[in-house]
C-alpha cells in the first residue's frame, strides 16, 4: 500500500509543476509568449500574472484569448491573471489575495524566497509567465531565458525532460 500512497503523492506534485519567469514589461512578455507558442507549447499551458493595466489586458486577450481575472494581491496590488497556474496558486482555501505570490508560489514548487522575488518583480511592473508542461520544462526554461524572462526557473523539477 505505501507505494500507492507515494504514487498518488507524486501525481499531486506533478499536477502543480510549472516553469516560471518574469519579463520586465509587456513588450518583452509578448515576444516570449510568441516564442513559447512557436516552440509548440499550447496556449492552454500558459499563464500570465501582471499588474492591472490596459496593456496587460490586451496581452492576455492576444496571447491567451481571455481577459483574465482581476485580483487584489497582498504585496502586489491589483493584478490580472489567467491560465492554469491561477487555480493552483489559489489553492483549496482560495487565499491567494491574502497571502500574495510570495506565499502561494510554494504551491507550484518554489521556495519562499523565490516567491518573494517573483512578487517583487511583478509588483514593479514585471509580467510573470508560467508554463505548465513538465515534459517540455527544459525547453520552456531555455525560451524564457532567451527572451529576457528574469529569474526563470522550474518549480520542484524532477530532472525528467
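The values are calculated or read from the model by the stated rules, or taken from the named source; none is laboratory data. Here the structure is a predicted model, which means the values were calculated and not measured. We place every Cβ from the backbone using ideal geometry, glycine too, and count neighbours over all the protein chains shown.
Residues that are part of a loop (DSSP other than H, G, I, E, B), under 12 Å from the mean Cα position of the chain (by Cα), within 20 Å of residue 24 (Cα to Cα) and modelled with pLDDT of 95 or more do occur in the range 70-90. For the range 99-120, does any single residue satisfy the condition of being surrounded by fewer than 17 Cβ atoms within 10 Å (Cβ to Cβ) and under 12 Å from the mean Cα position of the chain (by Cα)? So far as the range 99-120 goes, no, none of its residues is surrounded by fewer than 17 Cβ atoms within 10 Å (Cβ to Cβ) and under 12 Å from the mean Cα position of the chain (by Cα). Scanning the range 138-153 for residues that are in a helix (DSSP H, G or I), in contact with a strand residue (DSSP E or B) (Cβ under 6 Å, 6 or more places away or on another chain) and surrounded by fewer than 24 Cβ atoms within 10 Å (Cβ to Cβ) yields 141, 145.
The condition of being surrounded by fewer than 17 Cβ atoms within 10 Å (Cβ to Cβ) and either within 14 Å of the chain's Cα centre (by Cα) or more than 14 Å from residue 29 (Cα to Cα) (or both) holds for residue 135. Across the range 124-137, the number of residues qualifying as within 17 Å of residue 72 (Cα to Cα) and touching a strand residue (DSSP E or B) at 6+ places or on another chain (Cβ under 7 Å) comes to 4. Counting the residues of the range 48-69 that are in contact (Cβ under 8 Å) with a residue 60 or more places away in the chain and outside any strand (DSSP E or B) gives 2.
For the range 31-47, residues that are part of a helix (DSSP H, G or I) and within 10 Å of residue 129 (Cα to Cα) total 2. Only residues that are assigned to a helix (DSSP H, G or I) and in contact with a strand residue (DSSP E or B) (Cβ under 8 Å, 6 or more places away or on another chain) were counted in the range 15-30, giving 3. Residue 67 falls short on exactly one of the conditions (1) surrounded by 14 or more Cβ atoms within 10 Å (Cβ to Cβ); (2) at pLDDT below 95, and that condition is (1). Being in contact with a helix residue (DSSP H, G or I) (Cβ under 7 Å, 6 or more places away or on another chain) and farther than 24 Å from residue 63 by Cα is a description that does not apply to residue 109.
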